[in-house]
Amino acid sequence: MQIHLDNRLLSVAKLVLPGKAVADIGTDHNCLPVYLVMNGISPKVIASDKARGPFNNACQLVELLSLDKQIDMRFGDGLQILRPGEVTTICISGMGGHLISNIIADSLDVAVTTKRLVLQPQNNISSLRRYLVDNGWRIVAEDIAVDRGFYYQIIAAERGAMQLSDEQAEFGPCLLANKHPLLFEYMQLKLADLCALIDQISDKQGPNVQERLQVLLLKANQIEYILGKLRKE
Ligand SMILES: C[S@@+](CC[C@H](N)C(=O)[O-])C[C@H]1O[C@@H](n2cnc3c(N)ncnc32)[C@H](O)[C@@H]1O
């Protein structure tokens, strides 16, 4: 049986360090662990979830595919299910950026013993990058995946120091440096969303409308500036 991964999770899989143990925190459907072991990318995956329903379904899939020697199912919250140094890569995908940084912060002693974090935040992406850099990680690789019209950023981080500009926090130091082939259209879409939002609220009244408008206009200008630079390069 072949397991089909969508582009988002394929990008996560590509950033995993091959040949070594992996943890997938909040695995839900368990597609990533199954893909990693069935394709010989990882010899062993620890897969966890803190919700009973997804966890039980994930266990059933492991049983059905007779993968219980390669996929170790653990029920629990965040990185608490791991012992220090147990895995080389920790994947956390499909969750908000704040939740991902909280999961890392809550078990920092375990997180720092892994070689690489592979993270796919659904939102608050710049806050997650800031959290990483402020807490001794450097961003070593990034990707953008597009799936059914939605764009996703994927971040790989390892221990080390780096500086991060506002531009890099928002659109990724590696994505910008490598001019990722999807970056331009991703930023154009972000700009179109922002402009629509600015249009929507520009004739509204209210205590915080002007402040909110200023923030949105600043963001739109920032994107236009980066797009201009990318066009010239
Ligand atoms: C939207 S799903 C994402 C599933 C999969 N990682 C993906 O990217 O497709 C989020 C899953 O994370 C689980 N989850 C949320 N917070 C968690 C935590 N602190 N520890 C473990 N699992 C968590 C949820 O129960 C849910 O099954």
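Readers should treat all values here as calculations from the given coordinates under stated rules, not as data from a laboratory. Model, not experiment: these values are computed from the prediction. Cβ sites come from the backbone with ideal geometry, for glycine too, and all protein chains shown count toward neighbours.
Taking θ as phi - 60°, what are the ³J(HN,Hα) couplings along segment 195-202 by the Karplus curve (6.51, -1.76, 1.60), each to the nearest whole Hz, with x for Gly and Pro?
5, 4, 5, 4, 4, 4, 9, 5
Give me the distance in nm between label points sitting 7 Å out from Cα along the Cα-to-Cβ direction at residue 203 and residue 29, one decimal.
In this crude label model, residue 203 to residue 29 measures out at 4.3 nm.
Would you work out which of 210, 197, 225 lies farthest towards the positive end of the dipole of segment 184-232? Charges go on Cβ: Lys and Arg +1, Asp and Glu -1.
So the residue we want is 225.
If we count every other residue with Cβ under 11 angstrom of residue 11's Cβ, Lys/Arg +1 and Asp/Glu -1, where does the sum land? Can you show the working numbers first?
On the way: positive: 8, 14; negative: 6, 142, 143, 147.
Neighbourhood net charge equals -2.
What percent antiparallel are the DSSP beta bridges of the chain, to the nearest 5? Walk me through the numbers on the way to the answer.
On the way: 13 of 32 bridges.
Here the antiparallel bridges make up roughly 40 percent for the chain.
Skipping prolines and chain starts, which residues have an amide H placed within reach, meaning under 5 Å, of the one on residue 46, given they are 5 or more residues away or on another chain?
The answer is 22, 23, 24, 72.
If only Cα atoms are counted, what is the Rg of the chain, and what is its Dmax, in Å?
Rg and Dmax of the chain, Cα atoms, are 19.2, 61 Å.
To the nearest 20 Debye, how big is the dipole of segment 61-111 about its Cα centre, given +1 on the beta carbon of each Lys and Arg and -1 on that of each Asp and Glu?
Numbers: 3 positive and 7 negative charges, 17 e Å.
Value, rounded to 20: 80 debye.
Helix 125-134 sits at what angle to the longest principal axis of the chain, using alpha carbons and giving 0 to 90 degrees rounded to 10?
Value to nearest ten degrees: 70.
Taking amide H atoms as placed 1.01 Å from N in the peptide plane, list the residues 5 or more away in sequence, or in a different chain, whose amide H sits under 5 Å from that of residue 141.
156
If you take the square roots of the eigenvalues of the alpha-carbon gyration tensor of segment 184-232 and sort them as a ≥ b ≥ c, do you get rounded (a/c under 1.5), prolate (a/b over b/c) or oblate?
Working: a/c = 4.07, a/b = 2.30, b/c = 1.77.
Since a/c reaches 1.5 and a/b is larger than b/c, the shape of segment 184-232 is classed as prolate.
Explain nothing, just the number: dipole magnitude of the chain about its Cα centre with +1 on each Lys and Arg Cβ and -1 on each Asp and Glu Cβ, in debye rounded to the nearest 20. Could you put the intermediate results ahead of the total?
On the way: 24 positive and 26 negative charges, 88 e Å.
In debye, rounded to 20, the chain gives about 420.
So what J values fall out for segment 7-18 if you push phi through Karplus, 6.51 cos²θ - 1.76 cosθ + 1.60 with θ = phi - 60°, rounded to Hz, Gly and Pro as x?
Here the 3J(HN,Hα) series is 4, 4, 6, 4, 5, 4, 4, 5, 8, 6, 6, x Hz.
Tell me the angle of helix 97-106 to the major Cα principal axis of the chain, expressed in degrees between 0 and 90 and rounded to the nearest ten.
50 degrees
Let me know the shape class of segment 121-233, please: from the alpha-carbon gyration tensor, a ≥ b ≥ c as square roots of the eigenvalues, rounded when a/c is under 1.5, otherwise prolate if a/b is greater than b/c, or oblate.
On the way: a/c = 1.98, a/b = 1.52, b/c = 1.30.
Prolate, since a/c reaches 1.5 and a/b exceeds b/c.
Note down the magnitude of the dipole of segment 1-81 about its Cα centre, charges +1 on Lys and Arg C-beta and -1 on Asp and Glu C-beta and zero elsewhere, to the nearest 20 debye. Walk me through the numbers before you get to the answer.
On the way: 8 positive and 8 negative charges, 41 e Å.
My answer is approximately 200 debye.
With θ set to phi - 60°, apply the Karplus curve 6.51 cos²θ - 1.76 cosθ + 1.60 along segment 78-83 and write out the HN-Hα couplings as whole Hz, x wherever there is a Gly or Pro.
x, 8, 5, 7, 10, 9
What list do you get for 4, 98, 180 if you sort them by fewest beta carbons within 10 Å? Working shown, then result.
Numbers: 4 8, 98 14, 180 17.
Fewest-to-most Cβ neighbours within 10 Å comes out as 4, 98, 180.
In what sequence, highest mean first, do 217-226, 53-62 appear when ranked by Cβ atoms within 10 angstrom?
On the way: 217-226: 15.2, 53-62: 16.7.
In decreasing order of mean packing, 217-226, 53-62 become 53-62, 217-226.
When Rg is the radius of gyration of the Cα atoms in segment 85-168 and Rh is its Kirkwood radius, what does Rg/Rh come to?
0.95
Between residue 7 and residue 212, what is the label-to-label distance in nm when each label sits 7 Å out along the Cα-to-Cβ direction?
Placing both labels 7 Å along Cα→Cβ, they lie 3.1 nm apart.
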